[in-house]
């Protein structure tokens, strides 16, 4: 029954599904100066798209890979409202190791113990690590309107570093990459994300299918849109969209 329900939601064919951009932009359109955190921003494609849709938004684009972050920072010079950070994000401050293949979309972060226990990691680099709670305090940011997390399996630890913000409901919308198929996927278990966030007042608003792995039966990874259960800022879902994604 669960498999059938998930199939109906996720679909069975690979497609680039960016309906979530329209859904999130529709929710942010009435907010004067929305704050957006893009954790795992890569070269900023989503960060810049959100900035264009919301001219008064403050967008913080955070990328762990030094090689990719260099490209991100160069692009941010043309976007005054998008700020780039070469940082990993986790549940504690410190340092982590990150794969640094130039412009790869699958670079992952590793703890010191993981890094030490594995071989063949010449491309990894040490990078400073911060928590969401710490960044919010440092940036004098009391509320995040939209938080996107795409960290190739590190999502639960990113949320662990946002515990204070989540408990005080200082984050409204979150788009988090996860998977319903753990057998051949390095991504975070979607059900674990739900189990963590639901007691904190966050429900699943929608699930968007992004990828089908070559040898994976079903969705290899999906983007799950979470939102505060009782958000005073939420626009009814039947409101007209702001335009095509």
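The values are calculated or read from the model by the stated rules, or taken from the named source; none is laboratory data. The structure presented is a predicted model; accordingly, all values stated were derived computationally and were not measured. Don't worry about glycine lacking a Cβ; one is built from the backbone with ideal geometry, like all the others, and counts go over all protein chains shown.
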Residue 174 in contact with a strand residue (DSSP E or B) (Cβ under 7 Å, 6 or more places away or on another chain), surrounded by fewer than 18 Cβ atoms within 10 Å (Cβ to Cβ) and at pLDDT 95 or above: no
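Quick grid of which residues meet (1) modelled with pLDDT of 95 or more; (2) under 26 Å from residue 24 (Cα atoms); (3) buried (at least 22 other Cβ atoms within 10 Å of the Cβ); (4) over 15 Å from the mean Cα position of the chain (by Cα):
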| residue | (1), (2), (3), (4) |
| --- | --- |
| 44 | no, yes, yes, no |
| 61 | yes, yes, yes, no |
| 78 | no, yes, no, yes |
| 117 | no, no, no, yes |
Evaluation of residue 157 against (1) in a helix (DSSP H, G or I); (2) farther than 21 Å from residue 99 by Cβ (one fails), failing number: (2)
Residue in the range 85-102 that is farther than 19 Å from residue 150 by Cβ, in a helix (DSSP H, G or I) and at pLDDT 65 or above present: no
Residues of the range 3-36 classified as in a helix (DSSP H, G or I) and either at pLDDT 90 or above or closer than 30 Å to residue 170 by Cα (or both), total: 13
Some residue of the range 200-221 being over 14 Å from residue 25 (Cα atoms), modelled with pLDDT of 95 or more and in a helix (DSSP H, G or I): yes
